[in-house]
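To start, the structure under review is shown below, and the notes come after it.
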Amino acid sequence: MGWNEGAGSDRRSVIASFYPLAEFAQRVGGDRVRVTMLVPSGVEPHDYEPTPREIAALTRARVVIYNGAGFEPWLERLLPEVAGRAVIVNATQGLPLVEMDPHVWLDPLLARQQVERIAQGLIRADPAGRRGYETHAKDVSRQLRELHARFSTVLAGCQRKEILTSHAAFGYLARRYGLTQIAISGLTPEAEPAPARLKELVETARRHQVKVIYVETLLSPRFAEVVAREVGAKVRTLNPIEGLTSEERREGKNYFTVMNGNLTQLAEGLDCR
């Protein structure tokens, strides 16, 4: 399994489907929880298939946290097996969703609401830990509010508003900060664009004088590089934080450091002053 923080049999077993939710759960749960992340580091979560060992772990968990919004159909199929045994947290339930886009955590203000849902789930499973969970959740919420303030300040002064990305993962970030996302492939990251679509993207990039095309750490940059060569643009990384690579983990990166890195990349590509 992808990530296991902490030790000790007295900790409450929490399973999170993939990286951002695992980090939020660990930050909120502190030393009262043992968080296991199902999708391993460096693996694309959309089409992941859990192992028999991971399925068995689900049945023993006190809390199961997943994103919802269609992001983990492989996990949603297993939820009936744990219903009644564990507290199940759908971290996007009730949130204003972008159609067919599950990447809610890239909007810091919606991520705050995900943290609140995680805290509520931990409290339901472990009422004795309420004070600690609420305190930790407030601290994470403050950090997310500060992150939002940084994004708002920097992106308000940009000469460009169009971001050309390798796949349509940044709808929530774009909506929050008044940007327009132009995606080379759709919401399914492995989908290959047709030649006519590539030609259209080249024309769009030229029309908007795009100087940076953004690729992702877990996906091939091949088609983005084709468009970049045609228009003379640079290729830079914009991370949807679906998971951290082994190198990112060794470097001690986390949700907040990666998001700040995303902001730096956006500021360069959009000519922010």
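Nothing in this text is a laboratory measurement; each read-out follows from the coordinates by a stated rule. None of the values given here were measured: they were computed from a predicted structure. Please note: Cβ atoms are built from the backbone with ideal geometry, for glycine as well, and neighbour counts cover all protein chains shown.
Structure notes:
- Other residues whose C-beta falls under 15 angstrom from the C-beta of VAL235 contribute a net charge of +1, scoring Lys and Arg +1 and Asp and Glu -1.
- Vicinal HN-Hα couplings computed from phi for the stretch 263-273 (Karplus, 6.51 cos²θ - 1.76 cosθ + 1.60; Hz; Gly/Pro x): 4, 4, 5, 5, 4, 5, x, 9, 6, 7, 10
- Using θ = phi - 60° in the Karplus curve 6.51 cos²θ - 1.76 cosθ + 1.60, the 3J(HN,Hα) couplings for the stretch 87-104 round to 6, 9, 10, 8, 6, 10, 4, x, 8, x, 8, 7, 4, 6, 10, x, 7, 4 Hz; x is entered for Gly and Pro.
- Options (1) 19.2, 60; (2) 18.2, 58; (3) 25.4, 83 - which one matches Rg and Dmax of the Cα atoms in Å as calculated here: (1)
- Excluding same-chain neighbours fewer than eight residues apart, the aspartates and glutamates reachable from LYS211 by a Cα-Cα span under 15 Å are GLU162, GLU203, GLU225, GLU230, GLU268, ASP271.
- Fewest-first ranking of SER152, SER166, using other Cβ atoms within 10 Å as the exposure measure: SER152, SER166
- For the stretch 3-152, convex hull of alpha carbons as volume per residue, Å³: 113
- Average Cα contact separation per residue, the chain, under 8 Å, 6 or more apart, as relative contact order %: 19
- Each Lys and Arg contributes +1 and each Asp and Glu -1, all at the Cβ; summed about the Cα centre of the stretch 154-269, the dipole is approximately 380 debye.
- Applying 0.36 nm per residue to the separation of ARG207 and LYS234 and subtracting their alpha-carbon distance, the gain on full extension is 8.1 nm.
- Gain in span if fully extended, GLU76 to ALA196, counting 0.36 nm per residue against the direct Cα distance: 39.6 nm
- Computed about the Cα centre, the dipole magnitude for the chain is approximately 800 debye when only Lys and Arg (+1) and Asp and Glu (-1) carry charge, each at its Cβ.
- Other-chain or far-sequence residues with amide H under 5 Å of LEU164's (modelled H): ILE182, TYR214
- The phi torsions of the stretch 148-164, fed into the Karplus equation with coefficients 6.51, -1.76 and 1.60 and a -60° offset, translate into couplings of 4, 4, 5, 4, 4, 5, 5, 6, 5, x, 8, 6, 10, 10, 9, 10, 9 Hz, rounded to whole numbers, with Gly and Pro shown as x.
- Lys/Arg +1, Asp/Glu -1 at C-beta; the chain dipole; positive extreme among VAL235, ASN67, LEU198: ASN67
- Proximal lysines relative to LYS138, as straight alpha-carbon distance under 24 Å, when same-chain residues fewer than 8 apart are discounted: LYS253
- As a rough guide to protection, the peptides 14-26, 171-183, 101-113, 261-273 ranked by mean Cβ packing within 10 Å, highest first, stand as 14-26, 101-113, 171-183, 261-273.
- Alpha carbon centroid spacing (whole Å) that separates the stretch 81-131 from the stretch 144-176: 23
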